[in-house]
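Heads up: the structure comes next, in structure tokens.
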Amino acid sequence: MQTLESLVLGRAVRGSDAPVQLHNPSTEEALADVRSGGIDFRAVVEYARATGGPALRAMSFAQRGALLKALSGAIHAEREALIELSIQNAGTPRGDAKFDIDGATGTLAYYGALGETLGDRRVLFDGEGVQLGRTARFWGQHVLVPRLGAAVHINAFNFPAWNMMEKAACALLAGVPVIEKPGTSTAMLAARIARIVHDSGILPAGAWQFIAGSVGDLIAHLDAQDSIAFTGSSRTAALLRGHPNVVRNNVRINLEADSLNAAILAPDVDSSSETYALFLSNVALDITQKSGQKCTAVRRILVPRERVGDVRADLVAALAKVKLGDPTLTETRMGPLASKAQFDEVRAGIARLAGVAEVACGGAERARDRGYFVAPTLLVARDANADVFHADEVFGPAACVLAYSGAADEAAALVARGGGGLVASAYSNAGDWVERIVLGLAPWHGRLWLGSDRMAEQSLPPGMVLPASIHGGPGRAGGGEELGGLRGLAFYQQRTALQGFKSQITAFGPVESSAVS
Ligand code: NAP
């Protein structure tokens, strides 16, 4: 059986601890294993700081951008083999596999192009300069420079390709070396991509290291110039944030955690409108794409009370069209959950929700004799105020319809009970309703998606994370922020206020504010 290897200190390393098996979630067959241990993590961090960092910082943004474009091309060249690995180890139908892998190469290409537009400079200007003295000779300007440490990236199992490369793109373009640790259950795809990056020789030595298995005592070796960007559960996020060394050294940390994303249908949306069709297709897509294992997937569907019966019937009909089954077959639209742990957790979660809701379709039962299959599940809350709907993230193909009066303020208050989210989508063509919902929801979300007749034809679904817009959210969602164009680099940079003679400062070269945003 294949043992996944770490790529550290310029070489491949197999761990020394007992193996943890990785499975094909459609067949439950063991495919590979991962062994932790046997890695000197102090040396791994030092190697990144002393070798990868200086090499990246010596390059201009344009040069680093060219590296990202080359990485995107090298990964894309193996797209078919990567899709196959995703189908095998994550149980994703081909469309879901492409969503992850093309998301990775697309984000690398996006940041590559952004780097090229920044040209030869190595320092970014943050906003406009200001006159600080009697004349413009004494000048102030905020600048952003690369931090001198390593970027430790700890990622979730659900997007092994995209999650790894969206973080890497920002760190590398900022000039900071990466130490990547993927979620173990689906690590075969991540390990293969890590190998492509390593073997391509595109990045300078020390700029890219990959850990298969546990991070051991890595966190204990980080200092104030290092950073941790984490995606995963609130539970692990809290452990990392509270790690004594993170607290002692103020290690910079960005957390992307759980989210009870909401979709809200406004009372003005007619059932014959494009907006209503968009609402139905987006909600059905979120429940079934990646078997609902998407951090941005909708979990709460707010519907005006008198429309609940119709919406329920329409969503059940839409979900019935989704073919669940063997992800190797082209007609399959939804595969299994990614692992046995996921299967057990999601079924228990659906059972908890079913205790306070009607099951309109699907349910907690095993949907096929073999493999970790759960059917698309729609529930209708008996009481939208019950805590479980606003506190319990079931990370699978399940969502609940919650009845509300139709008032934007009431919807916003209900959604806010989720304690902070990644994205909320609101469907309305009524300007005043939209204004109220935006003001009510925005403080609780990193992103709001506004569905209406005018954008229906051109829109990309709310569950899709785009590199040009920030990803993250307050509170339960972790309080972090990733992507968002050049904003995504700021986590890896130090913002410093330069004060001095204007010509000395402006010689670093301004960046047009349009490029910074
Ligand atoms: P998880 O169990 O928290 O694991 C996330 C990552 O942390 C994995 O790489 C895991 O490694 C690692 N890890 C676990 N314990 C650790 C520790 N003590 N120290 C260092 N690393 C540790 O989450 P998951 O089950 O993979 O992902 C599902 C969750 O992620 C869901 O709750 C979902 O909402 C959230 N998520 C959020 C986003 C977002 O952008 N906000 C995106 C995707 C998923 P092992 O796999 O080896 O245990």
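I need the peptides 223-232, 287-296, 48-57, 238-247 ranked by packing, meaning the mean over residues of other C-beta atoms within 10 angstrom, with the highest value on top.
On the way: 223-232: 21.2, 287-296: 25.8, 48-57: 19.4, 238-247: 13.9.
Top to bottom by mean Cβ count within 10 Å: 287-296, 223-232, 48-57, 238-247.
Based on the Cβ-Cβ distance of residue 113 and residue 42, what FRET efficiency does E = 1/(1 + (r/R0)^6) give at R0 = 51 Å, to the nearest 0.05? Don't jump to the answer; show the numbers that get you there.
Values: r = 37 Å, r/R0 = 0.72.
So the FRET efficiency works out to roughly 0.90.
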Near the amide H of residue 470, under 5 Å away, which other amide H atoms are found, from residues 5 or more places off or on another chain, if H is placed in the peptide plane?
484
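In what order do 334, 59, 165, 1 fall by count of nearby beta-carbon atoms within 10 Å, going from fewest to most? Don't jump to the answer; show the numbers that get you there.
Numbers: 334 27, 59 19, 165 32, 1 9.
So the ranking, lowest neighbour count to highest, is 1, 59, 334, 165.
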By how many nm would the segment from residue 345 to residue 508 grow when fully extended, if each residue of separation counts as 0.36 nm and the alpha-carbon distance is taken off?
53.4 nm
FRET efficiency for residue 31 and residue 132, using Cβ-Cβ distance with R0 set to 60 Å, rounded to 0.05:
0.45
Stretched out fully, how many nm does the piece from residue 313 to residue 270 gain, at 0.36 nm a residue minus the Cα gap?
13.9 nm
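Sort 31, 414 so the one with the fewest other Cβ atoms within 10 Å of its own Cβ comes first.
Values: 31 16, 414 21.
Taking fewest neighbouring Cβ atoms as first place, the list is 31, 414.
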5 Å is the cut-off here: which amide hydrogens, built 1.01 Å from N in the peptide plane, fall below it relative to residue 256, excluding neighbours closer than 5 in sequence?
230, 231, 232
Under 5 Å between amide hydrogens, which residues at least 5 positions from residue 31 or on another chain qualify, with H placed 1.01 Å from N in the peptide plane?
22, 23, 24
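Based solely on its DSSP helices, what 222 nm [θ] is calculated for the chain when runs of n ≥ 4 H residues each add -39,500 (n - 2.57) and the sum is averaged over all residues, nearest 500 deg cm²/dmol? Don't skip to the answer; put the middle values down first.
Values: 17 runs with 182 residues, N = 517.
Helices in the chain give a 222 nm mean residue ellipticity of -10500 deg cm²/dmol.
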Fewest first, what order do 111, 492 take by the number of other Cβ atoms within 10 Å?
492, 111
Which three extents, in angstrom, do the Cα atoms of the range 261-468 have along their principal axes, listed largest first?
51, 35, 34
Mind jotting down the three principal axis lengths of the chain based on Cα atoms? Whole angstrom, largest first.
67, 65, 42
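Express in nm, to one decimal, how much length is gained between residue 62 and residue 245 on full extension, taking 0.36 nm for each residue of separation and deducting their alpha carbon distance. Display every interim value, and only then the final one.
Details: separation 183, 0.36 × 183 = 65.88 nm, distance 3.51 nm.
Difference between extended and current length: 62.4 nm.
Thinking of the range 283-395 as a set of Cα atoms, what percent of all their pairs are more than 16 Å apart?
Numbers: 3712 of 6328 pairs.
Cα-Cα pairs in the range 283-395 separated by more than 16 Å: 59 percent.
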Expressed as a rounded percentage, what relative contact order does the chain have, with Cα pairs under 8 Å and six or more residues apart?
18 percent
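Throughout, read-outs are computed from the coordinates displayed, never taken from laboratory work. What you see is a predicted model; the values in this text were computed from it and never measured. Neighbour counts run over all protein chains shown; Cβ positions are idealised from the backbone, glycine included.
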